[in-house]
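Below you'll find the structure, written out as structure tokens, and then a few comments.
Readers should treat all values here as calculations from the given coordinates under stated rules, not as data from a laboratory. What you are looking at is a predicted structure, and each value in this text was computed from that prediction instead of being measured. Please note: Cβ atoms are built from the backbone with ideal geometry, for glycine as well, and neighbour counts cover all protein chains shown.
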């Protein structure tokens, strides 16, 4: 019981704030057109879920996020390995990639809009670029942190490059690489949803903008809650997987 | 094998830039893609020069800079304040952590419609967007910093009957400078992104507005020029913040 006390307290505060909001709106202190009463948001949520616009939006966003993340892993991990194997390239590019990590790459999305048109590819491309950066950095870091003596022992037993990679480097670097994959998933999702919202491309981000354009304010709040829940789910699920991978 | 002169690294970098530039020009001139999509880099450079010598551009730059700075300052102040409270009250921190972490991983731009309802469609909603974006990295870093404070110091202060406020001022705040700066670095980056995306989505002024207007009229070279200048400014602002932070940390 004691273990769950903070969780319960947090839940109680959230429910209490919702009740307070409901009361202030009912009393007319806050306009119901600006902030929807929580009961109406819940009702709108149920409605969105019923006419399966929610389910299809979910699937679109998930599909685009996983496509972007898979592409980022497929290209980012070999590229990280290349930077590890060729230290000259590693030294030349690592600080550039590090700078890109904190740079507002998403601002360049109109360039992809010009190239791909208004298509789901814009979101996938942005998710891929933003997601590949942590994978490349973490892959190189992971390989570089493998004790050289492990590689030397494998080599002294006549292991080929391929053997060293599969039997020594990858298993030893796996937790660090997964940290990169996890960051990739989170950043890819953030960028996919943001692009959906900005370009009206369908998916969860579009749902928010669409409800606002229709001036269905309760449904807009409900769609916002959906995005928050999905992002939080992504965050905690990937954290679990990471912990499990490290513990193994 | 492991030792390379910095000349070799520089050579690789110059070669990379030249290769990308050449590839861009080849694509631009090949006629493989519709010519408007990939304009010659010289057209983009000319457009950059045109923008930089235009007074209107600096007006939009000032609008964006103001929105970023005000939003960033508000987000930082709120983030540090909430972080300090959560850091002192461990129970509250454990209760709030899932909500803060979950919201931190959410794309903030989807709150723009709510912010426009609350703060209007003008600069107010952009400032709020910047503040909301900056808040989360700052609060997370501040709570982390508070947790890093040696509990012995706090116990000693308590045994001397120090009040909560005294403990915050004399023990927590001095050790908060470094984590707060780390949070502010991340916060400035996301505040810039938040403000510019909000301008791109819906606004009448600012660099994001300029870029998306060029897109709407299909002035692609001008759009690339504005995006590249904006990108460079954002990277420069981040670098400046990083340098200022490092100096502050080193001076202590």
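Annotation for the range A:197-230 versus the range A:93-115: alpha-carbon center distance of 26 Å. Within the listed set B:170, B:108, B:147, the Gaussian network model of chain B (springs between alpha-carbon atoms below 10 Å) gives the highest mean-square fluctuation for B:170.
From largest to smallest, the equivalent ellipsoid semi-axes obtained for the range B:92-146 from the alpha-carbon gyration tensor read 25, 11, 9 Å. To the nearest ten degrees, helix B:173-201 and the longest principal axis of the Cα atoms of chain B are 40 degrees apart. Relative to its Kirkwood radius, the Cα radius of gyration of the range A:40-114 gives an Rg/Rh of 1.22.
Take the Cβ atoms of residue A:5 and residue B:73, set R0 to 25 Å, and the FRET efficiency comes out at 0.10. The long axis of helix B:90-104 is offset from the longest Cα principal axis of chain B by roughly 10 degrees. Set the Cα radius of gyration of chain B against 2.2 N^0.38 Å, with N its number of residues, and you get 1.28.
When the P(r) of the range A:36-247 is calculated, the portion above 21 Å amounts to 60% of the C-alpha pairs. In degrees, nearest 10, range 0 to 90: what is the angle between the Cα axis of helix A:53-85 and the longest Cα principal axis of chain A? Tilt of helix A:53-85: around 20 degrees.
Per-residue packing, averaged as other Cβ atoms within 10 Å, sorts the ranges B:228-235, A:161-168 into the order B:228-235, A:161-168, beginning with the highest. Packing around the peptides B:48-54, A:147-153, B:198-204, taken as the average count of other Cβ atoms within 10 Å per residue, puts them in this order, highest first: B:198-204, B:48-54, A:147-153. Rounded to 0.05, the FRET efficiency of the residue A:99 and residue A:26 pair, given R0 = 45 Å and the Cβ-Cβ distance, is 0.30.
If you wrap the Cα atoms of the range B:1-144 in a convex hull and average its projected area over all directions, you get 15.7 nm². If you wrap the Cα atoms of the range B:48-113 in a convex hull and average its projected area over all directions, you get 6.6 nm². Contact order, relative form, for the range A:1-134: 25 percent (alpha carbon pairs under 8 Å, 6 or more residues apart, mean separation divided by residue count). Comparing mean-square fluctuations of A:15, A:183, A:170 from a GNM of chain A with C-alpha springs under 10 Å, the top value falls on A:15. Using the Cβ-Cβ distance between residue B:240 and residue B:178 with R0 = 25 Å, the FRET efficiency computed as 1/(1 + (r/R0)^6) comes to roughly 0.85. Between the range B:149-225 and the range B:54-101, how many Å separate their Cα centres? Answer, in whole Å: 5.
According to the Kirkwood relation over distinct C-alpha pairs, the hydrodynamic radius of the range A:70-146 is 13.1 Å.
Assuming a ≥ b ≥ c are the square roots of the Cα gyration tensor eigenvalues, decide whether the range B:74-218 counts as rounded (a/c under 1.5), prolate (otherwise, with a/b larger than b/c) or oblate.
Prolate is the answer for the range B:74-218, as a/c is 1.5 or above and a/b outweighs b/c.
Going 7 Å from the Cα of residue B:20 in the Cα-to-Cβ direction, what parts of the range B:34-56 have a backbone nitrogen less than 17 Å from that spot? Answer for the range B:34-56: B:38-42, B:44-45. The protection proxy used here, the mean number of other Cβ atoms lying within 10 Å of each residue, ranks peptides A:195-201, A:214-220, B:243-249 as follows, highest first: A:195-201, A:214-220, B:243-249. Out of every Cα-Cα pair in the protein assembly as shown, what percent are more than 29 Å apart? Of the Cα pairs, 57 percent sit more than 29 Å apart.
Helical content of chain A, expressed as a calculated mean residue ellipticity at 222 nm, amounts to -27500 deg cm²/dmol (DSSP H runs of 4 or more residues, -39,500 (n - 2.57) each, divided by residue number, nearest 500). Counting only other chain Cβ atoms within 10 Å of each residue's Cβ, the peptide B:91-102 averages 5.
Entry note, chain B: the mean residue ellipticity at 222 nm calculated from DSSP H runs of n ≥ 4, each adding -39500 (n - 2.57), is -27500 deg cm²/dmol after division by the residues and rounding to the nearest 500. For the residues B:123, B:30, B:41, a GNM of chain B with alpha-carbon springs under 10 Å puts the largest fluctuation on B:30.
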